[in-house]
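Below: one structure, written as structure tokens.
Bear in mind that the values in this text are calculations on the coordinates, not laboratory data. All values reported here derive from a predicted model rather than from experimental measurement. No Cβ is skipped: glycine too gets one built from the backbone with ideal geometry, and neighbour counts run over all protein chains shown.
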Amino acid sequence: MATSGKVIRCRAAIAWAVGKPLSVEEIEVAPPKAREVRVKIVATGICHTDEHVLEGIFPDVEFPVILGHEGAGIVESIGEGVTSVKPGDKVILFGLPHCGECSFCLNPDSNYCLKSHFSEPQNLLPDKTSRFTCKGKQIHHFVWISTFSEYTVVPEYTLAKVDAAAPLDKVCVLGCGFSTGYGAAINTAKVKPGSTCAIFGLGGVGLSAVMGCKAAGAARIIAIDINQDKFAKAKQLGATECINPRDFKKPIQQVLTEMTGHGVDYSFEVIGTADTLIAALASCNMNTGVCVMIGVTPAGSTVPIDPFLLLSGRTIKGTLLGGWKMGDAIPKLVTSYLQKKFNSDLLITHTLPFAKINEGFELLRAGKSIRSVLLY
Ligand code: APR
Ligand code: ZN
Ligand code: ZN
């Protein structure tokens with residue numbers, strides 16, 4: 001392409017500091033170095049994790065930074081040694097890499113990659129430099145992919161080529177929210193047909209867990225949220241019952257235990273607080289119950305757990321990106337989407353021009369949106 005090898009000037013939403021609205025400004029994006037890819041982002045979702053950074057509760061983020069980690073776009077140019085994609089390919093980016101070479105990637109049971117930003121907390125590209133500048137200042141990257149920019153540069157192992165027929169304004173949510181919730185039910189919990197599930201938190205990720213439980217054949221899917229405006233959509237996606245903890249005097253774990261006899265088979269925490277994590281754990285049955293932690297709790301928080309909850313056999317486990325090895329899974333999930341095996345479009349309640357990114361965050365904070373997708 002004509003821009004290949006050159007610096008590109010484009011718009012990006014910069015987070016200059018915690019607690020400040022994002023500022024849409026012109027930035028310069030340097031060409032990709034070896035094993036890197038420069039992508040023109042077409043669509044990006046707003047996920048709660050971006051909000052956690054702005055609230056200052058996500059660990060180890062350096063400012064100024066370009067956030068965004070749920071994006072889809074078109075390859076503009078590739079650095080030396082890149083073989084998996086070429087300019088013009090449609091791609092989905094993901095914040096949990098899949099290098100295919102490290103010991104975790106080589107383990108069929110793992111989807112954690114040692115090239116993850118969590119293994120080496122830093123807000124630059126792997127060579128410890130940034131491709132972004134604004135007004136002469138270096139701007140940091142976020143979980144390698146920074147999708148709140150018209151153009152971004154990412155390591156090769158954080159994207160996958162998808163079917164050219166895929167509508168990028170829709171499948172962008174497969175980059176984080178949908179895959180995380182859906183995979184938590186299918187891969188992490190391995191929900192069995194006929195079982196009973198409880199989902200705590202009905203945002204984009206929680207509703208995707210509802211879809212995953214339904215796809216796995218759960219007989220009862222109990223959806224829990226303090227905002228009952230979320231219940232209609234939860235039912236549409238497969239919830240069999242919806243309950244609001246504020247409607248009860250008793251703790252929600254007691255309500256769920258009474259509703260089900262001995263507790264649910266699988267519970268999913270998709271809010272990100274210590275209290276709801278304990279409630280989710282205590283809601284699953286004392287022997288075979290599995291509690292999956294999906295929500296990201298504030299950096300440095302601790303969860304006091306009564307060890308007797310675990311002694312009788314309950315399990316608590318976490319999941320990142322729903323247990324998918326993203327490089328392999330994303331093209332297949334896109335094929336399933338095109339075959340209408342699931343309808344992730346129902347998560348997208350708002351589509352906004354990129355310039356309205358702060359409005360998108362306001363909708364999330366006010367509980368009015370499930371997913372807002374920004375179009376460049
Ligand atoms: N009990 C029940 N529901 C609650 C509670 C509570 N105490 N507190 C908040 N909720 C509900 C909110 O009303 C909202 O519907 O949890 C839901 C959270 O949804 P979103 O804010 O849309 O978040 P989402 O993008 O789905 O992410 C959820 O998963 O990936 C992580 O970082 C992400 O921790 C976040 C979580
Ligand atoms: Zn996310
Ligand atoms: Zn790896």
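Show me the ranking of peptides 74-81, 243-250 by mean Cβ neighbours inside 10 Å, starting with the highest.
74-81, 243-250
The Rg/Rh ratio of the stretch 206-249, with Rg taken over Cα atoms and Rh as the Kirkwood radius over Cα pairs, comes to 0.98.
How much length is gained on full extension from residue 228 to residue 302, taking 0.36 nm per residue of separation minus their Cα-Cα distance?
23.8 nm
Compactness of the stretch 6-49, taken as the C-alpha radius of gyration over 2.2 N^0.38 Å, stands at 1.39. With respect to the chain, whose longest principal axis is taken over its alpha-carbon atoms, helix 274-283 is tilted by about 50°.
Remark on the stretch 1-100: Rg and Dmax equal 14.7, 41 Å (Cα only). In the chain, the longest principal axis of the Cα atoms and the axis of helix 204-215 are about 60 degrees apart. Eigen-decomposition of the gyration tensor built on the alpha-carbon atoms of the stretch 126-237 gives equivalent ellipsoid semi-axes of 35, 16, 13 angstrom, largest listed first. Computed from phi, the 3J(HN,Hα) profile of the stretch 194-203 under the Karplus parametrisation 6.51, -1.76, 1.60 (θ = phi - 60°) reads x, 7, 10, 10, 10, 10, 9, x, 10, x Hz, with x in place of Gly and Pro. Since only 330, 132, 5 are under comparison, the one whose Cα sits farthest along the positive direction of the charge dipole of the chain, derived from C-beta charges on Lys, Arg, Asp and Glu, is 330. Rounded to the nearest 10 degrees, the inclination of helix 326-338 to the longest alpha-carbon principal axis of the chain is 80 degrees.
Each principal axis of the stretch 239-376 carries a Cα extent, and these read 51, 35, 35 Å when sorted largest first.
Average 1/r across all pairs of distinct alpha carbons in the stretch 143-193, invert it, and you get the Kirkwood radius: 13.1 Å. For the chain, the 222 nm mean residue ellipticity estimated from helices alone, with every DSSP H stretch of n ≥ 4 adding -39500 (n - 2.57) and the total spread over all residues, rounds to -6000 deg cm²/dmol.
Site pair residue 3 and residue 286 shows an inter-label distance of 6.1 nm when each label is modelled 7 Å from Cα along Cα→Cβ. With K and R counted +1 and D and E -1, the other residues having a Cβ less than 9 Å from that of residue 216 yield a net charge of +3. Considering only beta bridges that DSSP places wholly inside the chain, some 55 percent are antiparallel.
For the pair the stretch 352-375 and the stretch 2-30, the centres of their Cα atoms are 19 angstrom apart. When peptides 147-159, 303-315, 200-212 are sorted by average Cβ neighbour count within 10 Å, with the highest value leading, the order is 200-212, 147-159, 303-315.
Of all lysines in the structure, the ones whose alpha carbon falls short of 20 Å from that of residue 170, not counting any fewer than 8 places away in one chain, are 40, 90, 161, 233, 332, 340, 341, 356, 368. Proximity of backbone amide H atoms, modeled 1.01 Å from N, is registered between residue 115 and 99 at under 5 Å, excluding neighbours fewer than 5 places apart on the same chain. Projecting label points 7 angstrom from Cα along Cα→Cβ for residue 26 and residue 110 puts them 4.6 nm apart.
Ranking request for peptides 189-197, 167-175, 134-142: highest mean number of other beta-carbon atoms within 10 Å first, then the rest in descending order.
Sorting 189-197, 167-175, 134-142 by mean packing, highest first, produces 167-175, 189-197, 134-142.
Shown in residue order for the stretch 239-252 are the 3J(HN,Hα) couplings computed by the Karplus curve 6.51 cos²θ - 1.76 cosθ + 1.60 at θ = phi - 60°: 5, 8, 9, 10, 9, 10, x, 6, 7, 10, 7, 6, x, 4 Hz (x for Gly and Pro).
Here is the tail figure for the chain: Cα pairs spaced more than 38 Å apart come to 16 percent of all pairs.
With both bridge residues required to lie in the stretch 77-234, what share of the DSSP beta bridges run antiparallel, to the nearest 5%?
The antiparallel proportion sits near 55 percent.
Here the ratio of the Cα radius of gyration of the stretch 255-324 to 2.2 N^0.38 Å is 1.07. Spin-label model, residue 16 to residue 120: label points 7 Å out along the Cα-to-beta-carbon direction sit 3.2 nm apart.
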